[in-house]
1. Counting heavy atoms of the protein chains only and a 1.4 Å probe, report the per residue accessible area for the chain as a whole number of Å².
2. Output the peptides 285-295, 249-259, 51-61 sorted from most to least packed, where packing is the average of other Cβ atoms within 10 Å over each peptide's residues.
3. The range 288-351: Rg/Rh from Cα coordinates, Kirkwood Rh?
4. I'd like the distance between the alpha-carbon centres of the range 184-222 and the range 113-160, rounded to an integer number of Å.
5. Considering every Cα-Cα pair within the chain, what fraction, in whole percent, is farther apart than 30 Å?
6. Give the shape of the range 106-151 as rounded, prolate or oblate, defined through the alpha-carbon gyration tensor: a ≥ b ≥ c are the square roots of its eigenvalues, a/c under 1.5 means rounded, and otherwise the shape is prolate if a/b is larger than b/c and oblate if not.
7. Quick one: of K27/K242; K27/K207; K107/K295; K27/K54; K98/K242; K98/K181, which pairs are farther than 27 Å apart, Cα to Cα?
8. Along the charge dipole of the chain, pointing to its positive end and built from +1/-1 on Cβ of Lys, Arg, Asp and Glu, which listed residue (P108, A271, P161) has its Cα farthest out?
Amino acid sequence: MSANESPAGQPQPQPQPTATYDSAFMKACRREPVPHTPVWFMRQAGRSLPEYRKVREGIPMLESCVRPELVTEITLQPVRRHNVDAAIYYSDIVVPLKAIGIDLDIKPGVGPVVEKPIRTRADLAQLRDLTPEDVSYVTEAIGLLTRELGTTPLIGFAGAPFTLASYLVEGGPSRTYENAKAMMYGDPELWADLLDRLAEITSAFLKVQIEAGASAVQLFDSWAGALAPVDYRRSVLSASAKVFDAVAGYGVPRIHFGVGTGELLQLMGEAGADVVGVDWRVPLDEAARRVGPGKALQGNLDPTVLFASKEAVEAKTREVLDSAAGLEGHVFNLGHGVMPSIDPDALTRLVEYVHTQTAR
C-alpha cells in the first residue's frame, strides 16, 4: 500500500500549496514562526455588526445560510472591518442536519429546536448520509469567498458529534443534557451508533468545505464541557477522532474547540486536532501543559473583557499574550464567541493591539 492510499486502497486527497499557505494564521496552526500572532474571533460575523443586522433583516437564520451571495457578504464583513487574519464561514452547526431532512428550526432567543427528537433506535432512520448535492450552496459560497479573500484563509466548520447529538436527543438547547446522558449511560450501543452516524455526516460536511476551498476547519464541541473526562473518553472521543481522521489527508489545519473543557483538553488533543481551542478559564501556559507537545493553541481572552475600558482590555490581552509566550504555536481568539452587544470598534482595536504587540 502506498503512502498516499488509505487502508482500503482508496487514494487520499493530497495537500496542495495555496494562496493562503504562508499566511500568519496558517503558519501559527503549523507551529511555524509568524510575522505576528494571528487573530480571528468566533462569531466575528454576526449580531455585533450593524452591517450584519442590516443585510439579515427579515431573513430567518437558516434561510440566510443557504444564500451564497448573502453568506459571502456576511463572512467578509468582519475581515473588512477588523483586519482579522482569517475568515470563518458563515453558517450554523445544524445546517447539515437540516440539509438531510431533519425537521428543525432556529428559533430567535431559543436556538435550534428539533420537532421529533431522537430517542429510539428507529429514530436513527432520520439520519441519512449527507451528499455534496445536499449542500451545493456551501460549495458555491466558498467559491465566491475564496476569490474575494485571496491570501486570507477561510475556516470551515461543523458541530462535533456530541454537541449535535445533544440537540437531537434533547430536542433543543439544554442545561442538564438529561435525555442525552440518559441514552449515553443507559443505552450505550444506541448512543455509539448515533454518534457514529453523526460523525459520518459531519465528516462529509467538512469535506465539502475543504474541497470547495476552505484553508482550515474547526470542530465545535460546544457542550462537551458537560462531560466528565472518563465519559468523554468512553463515549465521545472515538466519534470526534473519526471526523478528524476523515479529513486528515487534505493536509489542512484542524481545530477543536469546546466551552468549559479545561478538564478535557488533553483528550480533545488526542482526538486528532492540530490546534486545540481554549476557553478563558485556563491560562494558555497551563493549557499547553495539559494538552502536551505537538499542538498549537487557540484563545483565550474572556469575551466580557471587551465591555471594559481600552486600558483594561489591553492589560488582559497582555496577560493572554504573556501566557502564550512559550507556546509552539498560538492563534489569538476569544475564549468563546463575540457577544452581540459588544462594540465592534473594541474588536478592531483588539486586532490592532495584538498585531502591534507581537510584531516580529
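1. 42
2. Result, highest mean first: 249-259, 285-295, 51-61.
3. Values: Rg = 12.6 Å, Rh = 12.5 Å.
When Rh is taken as the Kirkwood radius, the ratio is 1.01.
4. Answer, in whole Å: 10.
5. Percent of Cα pairs beyond 30 Å in the chain: 34.
6. oblate
7. K107/K295; K27/K54
8. With unit charges placed on the Cβ atoms, the residue in question is P108.
The values are calculated or read from the model by the stated rules, or taken from the named source; none is laboratory data. Small disclaimer: the values here were computed from a predicted structure and weren't measured. Note: ideal-geometry Cβ built from the backbone for every residue, glycine included; neighbour counts use all protein chains shown. Just so you know, the surface numbers come from the protein's heavy atoms only, side chains and all, with ligands and any DNA or RNA stripped out. Shrake-Rupley method; radii C 1.70, N 1.55, O 1.52, S 1.80 Å.
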